[in-house]
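One structure is given below, encoded as structure tokens.
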């Protein structure tokens with residue numbers, strides 16, 4: 001527990017500073033996190049398969065160095081990655097299989113694309129507000145779910161994937177995320193961007209949707225670890241595991257919040 005707390009004490013101020021400074025620093029930090037996440041994912045699946053890791057790492061670097069073009073032309077980008085992977089499959093057959101190709105491409109989308117929504121969201125008006133809403137939806141709901149489940153949890157949510165999670169805890173996490181989003185918005189708009197308060201309903205909706213989908217993100221990551229009989233993805237964050245262990249729910253929340261923000265901004 002001490003190690004876990006100390007990691008948070010050191011890490012949280014750094015995260016706050018990076019979010020406040022914004023891009024391009026945030027983009028490069030996210031690129032580093034994506035590369036570490038890719039390394040963790042490949043490290044797990046390499047126990048049974050042989051992903052073409054060099055393609056993955058190069059694709060992630062290109063993704064962030066040419067970020068605006070890639071995000072605007074993602075179908076072209078991922079099509080090129082797919083074709084290159086298949087060409088390597090043909091040239092190096094039978095060293096690689098079609099499963100290896102799939103496991104090469106999937107974590108590029110999972111880590112780089114989903115992490116990339118943090119960069120996109122930071123660039124919208126009042127972007128730092130929305131980036132922190134992602135953290136509130138993901139980690140705030142997780143905290144509320146934990147304490148609610150410990151207090152009144154009786155019915156298992158996903159007994160095979162995560163035996164300790166309960167339906168009561170899940171509901172508590174969603175409600176808690178909505179409450180935290182309301183409190184966060186009130187406090188934030190006391191000092192900055194008062195106009196954001198006019199979007200309170202959408203903020204709460206975004207937080208609730210994020211809290212719901214974050215639980216699927218957590219369980220999806222657990223499903224991969226269960227399949228490969230792995231406890232954690234990595235150990236880079238003492239007491240927390242790897243980047244994917246800490247950010248699995250956040251990866252699912254980021255695109256949801258971005259979609260809600262984009263929709264709201266198109267309406268108003």
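The numbers here are math on the coordinates, done by the rules we state, and not lab data. Just so it is clear, the structure is predicted and the values come from calculations on it, not from any experiment. Cβ atoms come from the backbone with ideal geometry, glycine included; neighbour counts cover every protein chain shown.
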Estimated [θ] at 222 nm from DSSP helical runs (n ≥ 4, -39500 (n - 2.57)) normalised by residues in the chain, nearest 500: -24500 deg cm²/dmol
Acute angle (nearest 10 degrees) that the helix 200-227 long axis makes with the longest principal axis of the chain, alpha-carbon atoms: 40
Choice from 106, 194, 216 showing the highest fluctuation, given a GNM over the chain with Cα pairs closer than 10 Å: 194
Of 206, 254, 66, the one that fluctuates the most in a GNM where the chain has Cα springs shorter than 10 Å: 66
Contact order normalised by residue count of the chain, Cα under 8 Å, 6+ apart, percent: 22
Highest to lowest packing among 139-150, 71-82, scored as the average C-beta count within 10 Å: 139-150, 71-82
Order of 118, 209 - criterion: other Cβ atoms within 10 Å of each residue's Cβ, fewest first: 209, 118
For 18, 253, order by how many other beta-carbon atoms lie within 10 Å, fewest first: 18, 253
Degrees, to the nearest 10: 167-191 long Cα axis against longest axis of the chain: 70
Correct option for semi-axes √(5λ) of the Cα gyration tensor in Å [calculated from the coordinates] among (1) 31, 24, 17; (2) 28, 22, 19; (3) 29, 19, 18: (1)
Of 44, 90, 256, the one that fluctuates the most in a GNM where the chain has Cα springs shorter than 10 Å: 90
Value of relative contact order over the range 134-190, rounded to a whole percent, pairs C-alpha under 8 Å and six or more apart: 40
For the range 1-123, alpha-carbon Rg relative to the globular expectation (2.2 N^0.38 Å, N residues): 1.20
Cβ crowding within 10 Å averaged over residues, with 152-163, 46-57, 241-252 ranked highest first: 241-252, 46-57, 152-163
